[in-house]
Amino acid sequence: MTNIIDGKAFAAKLRAEIAEEIKRDGLKPGLTVILVGDDPASHVYVANKDKAANEVGINAKTIKLPADTPEADLLGKIAELNNDSAVHGILVQLPLPKHIDENAVINAIFPDKDVDGFHVINAGRAATGQDALVPCTPLGCSLMLKDVLGDLSGLNAVVIGRSNIVGKPMANLLLKENCTVTIAHSRTKNLAEVCAQADILVAAVGRPKMVKANWVKDGAVVIDVGINRQDDGKLCGDVDFAEVAPKCKAITPVPGGVGPMTIACLLKNTVTACRRIAN
Ligand code: NAD
């Protein structure tokens, strides 16, 4: 029978463990989120991050800046937070207004406070097998995969999508777990056949219900990162859940799969950063 991976329950357990760790060890982790502009979705995400962080005992603050904030002012704010010993995690909510260079902003964050794991130093550390702050979404996927499968060694993993935020760091994490990893993308030929070889299939594309039953090997574990809004207003993933789920050993639903784990992993990264900076 297919195991529908309950990301909500998994994330609740992880958040409870983080809260317990903070209390037990007397940690005082601080997280500051910077939000530039008025994008309504970003405001919702940031409010959720703030609430989840404060609930586990992280001192979370949000700095809201107007949409026309000059890049230099944002960089100045980051420099202040880099030097603030009470702040262990700095997160700049993306996307940024068009006049600001996202890479310049991300790379201005002190790497050990880069709880999103997007800084080029963290990407490089992860790619070379060093301790790194890892992007929250792939970290959550990796935790769920290890929970379902235990040892991932030798398994064939296919990741669809090669973004810096999800696809590439996901592939690195799977490689670290000794999987044989294929990264598929928009130019991949015979995508269905490539996917059908996968023991682990991670879809991070942004195309509603793209992955069909004949793309999936019997007994595969499928992680659906995609979040797509359908015409009826409901959310769906990149995987056609109704037809794929019966073939799988386990699968994440959308919503309620990867999404809740992403925020829980931000809290985990903040505690990791707090411990590293304190040592
Ligand atoms: P992105 O647009 O940066 O990357 C999409 C990737 O998909 C690209 O690498 C591209 O090559 C590939 N792609 C596009 N069309 C394809 C096709 N027809 N066949 C194969 N590959 C194709 O997106 P992203 O930031 O990596 O996010 C991917 C999806 O995951 C989006 O739906 C996003 O909303 C979702 N997401 C969810 C969470 C979460 O917390 N659940 C977090 C981040 C992203």
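The values are calculated or read from the model by the stated rules, or taken from the named source; none is laboratory data. Since the model is a prediction, treat every value here as computed from it, not as a measurement. Here the Cβ is made from the backbone with ideal geometry for all residues, glycine too, and neighbour counts use every protein chain on show. Calculation scope for accessible area: heavy atoms of the full protein, side chains included, ligands and nucleic acids excluded. Shrake-Rupley method; radii C 1.70, N 1.55, O 1.52, S 1.80 Å.
With 29 Å as the limit on Cα-Cα distance, the pairs of 168/249; 113/249; 77/209; 189/268; 8/189; 51/249 that go past it are 113/249; 77/209; 189/268; 8/189; 51/249.
Here the Kirkwood formula puts the hydrodynamic radius of region 161-279 at 15.3 Å, using every distinct Cα pair. Cβ distances below 4.7 Å define possible disulfide partners, and in the chain the cysteines left without one are 141, 179, 195, 236, 248, 274. For the chain, the share of alpha carbon pairs falling in successive 5 Å distance bins from zero is 1, 6, 12, 16, 18, 16, 13, 10, 5, 2, 0, 0 percent. Of all trypsin sites (Lys or Arg not before Pro) in region 208-279, which ones are in loop regions per DSSP and have a Cβ with at most 10 other Cβ atoms within 10 Å? Within region 208-279, the qualifying trypsin sites (Lys or Arg not before Pro) (loop, at most 10 other Cβ atoms within 10 Å) are 234. For region 45-161, the dipole from Cβ point charges (+1 on Lys and Arg, -1 on Asp and Glu) about the Cα centre works out to 200 debye, to the nearest 20.
Each Cα pair under 8 Å and six or more residues apart adds its sequence gap; the mean of these over the residue count of the chain is a relative contact order of 22 percent.
Give me the compactness ratio for region 218-279, meaning the Cα radius of gyration over 2.2 N^0.38 Å. Ratio of Rg to 2.2 N^0.38 Å for region 218-279: 1.51.
All Cα-Cα distances of region 23-135, cut into 5 Å bins from zero to the largest, leave 2, 12, 21, 23, 22, 13, 6, 2, 0 percent in each bin in turn.
From the residues 227, 41, 29, which one has its Cα farthest along the dipole of the chain in the positive direction, the dipole being from +1 and -1 charges on Cβ of Lys/Arg and Asp/Glu about the Cα centre? Sorting the options by dipole projection puts first 227. Computed from the alpha carbon atoms alone, the convex hull of region 110-190 holds 93 Å³ per residue.
For the chain, hydrophobic long helices are taken as DSSP H runs at least 18 Å long by C-alpha position along their axis with mean Kyte-Doolittle hydropathy of 0.0 or more; these are 136-149, 258-278. Helical runs assigned H by DSSP (4 residues or longer) give the chain a calculated mean residue ellipticity at 222 nm of -12500 deg cm²/dmol, each run adding -39500 (n - 2.57) before division by the residue total.
Tell me the carbon and sulfur percent of the accessible area for the chain, rounded to whole percent, probe radius 1.4 Å. Its accessible area is 52 percent carbon and sulfur atoms.
Taking the DSSP beta bridges with both ends in the chain, the antiparallel portion is around 5 percent. Taking the solvent-accessible surface of protein heavy atoms with a 1.4 Å probe, what is the per residue accessible area of region 17-109 in Å²? Normalised by residue count, the accessible surface of region 17-109 is 52 Å². Check which residues have an amide H placed less than 5 Å from residue 180's amide H, if you skip close sequence neighbours. For residue 180, the qualifying residues are 154, 155, 156, 157.
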